[in-house]
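See below for the structure under consideration.
Rule-based calculations on the coordinates, nothing more; no lab input. All of these numbers come straight from a predicted model, not from anything done at the bench. Cβ placement follows ideal geometry from the backbone for every residue including glycine, while neighbour counts extend to all protein chains displayed.
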Amino acid sequence: MDLRNGVELRSLGNTPDEFRQDMLSNLYYRRGTTVESASAQDAYETLALTVRDRLAERRARTAAAQYESNPRWVYYLSAEYLLGPQLEQNLLYSGTSEAAHKALEACGFKPEEIAALDVEPGLGNGGLGRLAACLLDSLATLDIPAVGYGIRYDLGIFRQEFQDGRQIERPDDWAFQGDPWEFPAPDDVQTVGFYGHVDERDGRKVWQPGEVVLGEPSHLLVPGYGTTTVNIVRLWRARAHQASFDLTRFSAGQYAEAVQDAVRAENISKVLYPDDSTAAGRELRLKQQYFLVSCSLRDIVRRFRLRNSDWDAFGSKTAIQLNDTHPVLAIPELMRLLVDEEGLDWDHAWSLVRQTFNYTCHTLLPEALETWPVDMLGRLLPRHLEIIYLINAGLLEEVRSRFPGDIDRVRRMSLIQETPERLVRMANLAVTGTTMTNGVAELHTQLLTSTVLRDFHDLWPSRFANVTNGVSPRRFVRLASPGISALISSGLGHDRWLTDLSLLSGLEALTGDASFREQWREVKRSAKAALGLGDPGALMDVMIKRFHEYKRQQLKLLHVITLYQRIKAGGYDGVPRTVLFGGKAAPAYQAAKNIIHLINAVAAAVNADPAAAGLLRVAFPANYNITLAEHIIPAADLSEQISMAGKEASGTGNMKLTLNGALTIGTLDGANIEIRDRVGADNFFLFGLDAPAALALRSGPYQPRDHYHADDELRAALDAIRSGAFGGVGHDVAASLLDRDEYLTLADYRSYVDAQAGVDAAWRDQDHWTTMSILNTARAGFFSSDRTVTDYLDRIWHATPVRVEG
Ligand code: 26V
């Protein structure tokens, strides 16, 4: 391989023999052990290094080609990434699965046992973090020069355990054994300031930080599928300055005091914040956000300077995507770099900043829109607060001149919320400092521009676009469901669908083929058998997502209780079901934790009752994560997407399940609408209030008790909870539904239960169900993250591919 400086690099061979040889040398030279004394962990790490070497070689070619073409770079700034397990993905993408299996077996190891040692880096909460990972996968697959920036948390999303049915959180020390996929780059360390004050020197503002912390990067390889491109995701870890270790105190025996500054510094990347029930104003989280932003922007500027010398080119060479408001401090930070450090005038800097950044909003919940206390921000980042005030002055001047006399509008749009505790509104700053703001599904974008961000849409309508989310077909079909993937490829006669998911439409023609339908049914059945939760002949009814009241796991649970009560009453006429829940609740979100507790209590009652045997089973495997998702999704027959309409921005689990042939029961919310439009109303179980109806009901005097009194089955289900039928658990859940029912669970109950009867009826005609299942997959090609990235490229990033020679 001929790299940039003309130096040749030997290409690694991929025959089983060459692979085994390289594994052996890694075992000896990098692991420092021998085949005879190698542990399973040695074998795993050696395998990982051997696979990583293959990708590192492609990485070197990629870096050379990208450097050579000096392209417009896409930088994805995200506080969260849920990358999933790396081993199987990297084996697949490097084309070494078979060679690796053979090499392991030759050394006396069982491939499945070695694969089980691969720990997923859980550096995210849910959909937002997994979307970031899917977009990186697609960027690489589409040969777009891109870097993801994030934080290398020591502890990822907590490990969930159940104790007497209650959620307990345990720390997730994911890299305890070391992470073989990472390349640390301590030489690229950045210095980040906090606190201090602002001086003025020769007419220029100079921020004098009161504390500095080092940001040490490491990167993971992000290979594209079916291409040579290997991009990277660069993760920052906080390190204390040498000077923060107090040797004098240590020598005097004051051990805790000696390290306190160092500990404080390194705490910045210690733990991922779980999204919380209340927007928490914790200073450490604000520090994390600025830490990510400061390190990443310095790195982006360093990379820009490798090939460019003129700041004027910065905006055309750099597209930075802000994943929600978490990295929005990048806007004042880049202003500070350009104005204070580089000496550009304000207007010039502002036009470059706006050209560089774009913002994705991922929510509609007002309580999820981030704000930071002005006092806290001003103490931690005094110069940034000044810059935010200056940006605000420009914004408000524009608002006043467009809408003279509309003081209310000025107050609503201001970057500063004038409550007793004054707050900086991060979403307002994001829209103001970017070229484009996008929502993540059609309905979401519509609601954003008509409600939460309406004033901004009035002022700048052309700044808004929709980009509907998507998911990686490689991870969520090919890796998660090897069985269905093989069947799709044999049915279509190719595997090009993996990089052009619209080709799944070719499956439609196969719905008329009885033998194909039979194979499809068999593949779904064996995925259920492999999952091992319940009878593979039963309908697998799946609700997997974070726990939040707006997502309405409690509605699914009321349905389960109703089915159970029908069974107890005798003459149950429903089909056998396994109802599977998976998901975590934020540790401080008590209402969500109460729902988890109640689900486990109902599961215990149902699963222990012989009357329910063979008819109804409730499974709730703990610690739902990407690894578990990849086992559950292929086994699902029914996908529960039952949020209160107008609350779920998009959903992405809905797409993964549809692509795997699950039928959806859902409301007209988020991307469900687009799924239904594509798979067809006949192949989707719709129920419930739509967004306008839900909004109207919410804004009137809604009385949940009216539904309780009017519906016998609903009343029986709630009464059972209240009478202590499930071990006395769930009083709080029942009370909250009867007293407030913020998310209209009771209003949608009857419509939901009736739609579930429609599911039973459809399931009884297995052949027809299978046809609907195939049609769901065939018509869901739109939901590939490759399409999502293509939309971002056309509407927002305007970047072009750089092909890397293979
Ligand atoms: C944050 C908070 C903060 C406190 C109040 C409760 C709450 C609830 C949710 C969140 C997370 C908001 C950001 C987020 O994760 N959004 C998810 O993004 C996915 C990818 O676009 C999308 O599919 C999900 O619908 C959306 O919830």
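Summary of values
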| read-out | value |
| --- | --- |
| Gained length - Asn308 relative to Asp573, 0.36 nm times residue gap less alpha-carbon distance | 88.3 nm |
| Karplus-derived HN-Hα couplings along the range 719-726 (A = 6.51, B = -1.76, C = 1.60, θ = phi - 60°), whole Hz, x at Gly and Pro | 5, 4, 4, 5, 7, x, 5, 10 |
| Förster radius 45 Å - calculated FRET efficiency between Ile407 and Glu257 (Cβ-Cβ, nearest 0.05) | 0.25 |
| Centre separation in Å (Cα based) which lies between the range 502-521 and the range 118-197 | 38 Å |
| Student exercise, the range 534-778 dipole from Lys, Arg, Asp, Glu Cβ charges, in Debye to nearest 20 | 620 debye |
| 3J(HN,Hα) from dihedral phi, the range 179-191, Karplus parametrisation 6.51/-1.76/1.60, rounded to Hz, x for glycine, proline | 10, x, 8, 8, 10, x, 10, x, 6, 9, 4, 10, 10 |
| Eligible lysines near Lys584 by straight Cα distance, threshold 19 Å, same-chain separation 8 or greater | Lys545, Lys551, Lys556, Lys593, Lys647, Lys656 |
| Summed side-chain charge close to Arg795 - residues other than Arg795 whose Cβ falls under 14 Å, Lys, Arg +1, Asp, Glu -1 | -1 |
| Alpha-carbon centroids, the range 220-289 and the range 698-775: separation in whole Å | 44 Å |
| Amide H within-cut-off set for Arg239, under 5 Å, with H built and near neighbours excluded | Leu214, Gly215, Glu216 |
| For Ser639, Ser450, order by how many other beta-carbon atoms lie within 10 Å, fewest first | Ser450, Ser639 |
| Label-point separation in nm, Arg722 to Leu9, each point 7 Å along Cα→Cβ | 6.8 nm |
| Taking Cys361, Cys107, Cys134 and counting other C-beta atoms within 10 Å, the order from fewest to most | Cys107, Cys361, Cys134 |
| Shape of the range 534-778, Cα gyration tensor, a/c cut at 1.5 | rounded |
| Projected label distance in nm at Arg264 and Asp609, using a 7 Å step from Cα toward the beta-carbon | 5.7 nm |
| Counted charge near Val222, where neighbours are those whose Cβ lies closer than 13 Å (Asp, Glu -1; Lys, Arg +1) | +3 |
| Hydrodynamic radius of the range 310-398 per Kirkwood, over alpha carbon pairs, in Å | 14.2 Å |
| Order of Leu221, Leu659, Leu369 under a 10 Å beta carbon neighbour criterion, fewest first | Leu369, Leu221, Leu659 |
| For Val471, residues with placed amide H under 5 Å, excluding near neighbours | Ser784, Ser785 |
| Relative contact order (percent, whole number), the chain, Cα cutoff 8 Å, 6+ residue spacing | 14 percent |
| Estimated FRET transfer efficiency (Leu628, Ala761; beta-carbon r; R0 30 Å; 0.05) | 0.45 |
| Cα Rg, Dmax, the range 354-466, angstrom units | 13.9, 40 |
| Long-range amide H partners of Ile168 with built H, under 5 Å | Glu161, Phe162, Gln163 |
| Length gained when the stretch Asp535-Ala106 is fully extended (0.36 nm per residue, less Cα-Cα span) | 150.8 nm |
| The chain: calculated mean residue ellipticity at 222 nm from DSSP helix runs of at least 4, using -39500 (n - 2.57) | -13500 deg cm²/dmol |
| Label-point separation in nm, Arg525 to Asp246, each point 7 Å along Cα→Cβ | 7.1 nm |
| Residues Glu36 and Asn70, FRET efficiency given R0 of 60 Å [Cβ-Cβ distance, rounded to 0.05] | 0.70 |
| The range 115-189: C-alpha gyration tensor shape, a/c 1.5 cut-off, then a/b vs b/c | prolate |
| Length-normalised contact order for the range 534-778 - Cα pairs under 8 Å, 6+ apart - percent | 23 percent |
| Global form of the chain, assessed from the alpha-carbon gyration tensor, a/c cut-off 1.5 | oblate |
| Whole-Hz ³J(HN,Hα) from phi, Karplus 6.51 cos²θ - 1.76 cosθ + 1.60, for the range 292-307, glycine and proline x | 4, 5, 5, 4, 5, 5, 4, 5, 5, 5, 4, 5, 4, 6, 4, 10 |
| Stretchable slack from Val198 to Ser450, in nm (0.36 nm times residue separation minus alpha-carbon distance) | 86.7 nm |
| Along the chain, longest interval not containing exposed trypsin sites (Lys or Arg not before Pro), exposed being DSSP loop plus at most 13 other Cβ atoms within 10 Å | 283-739 |
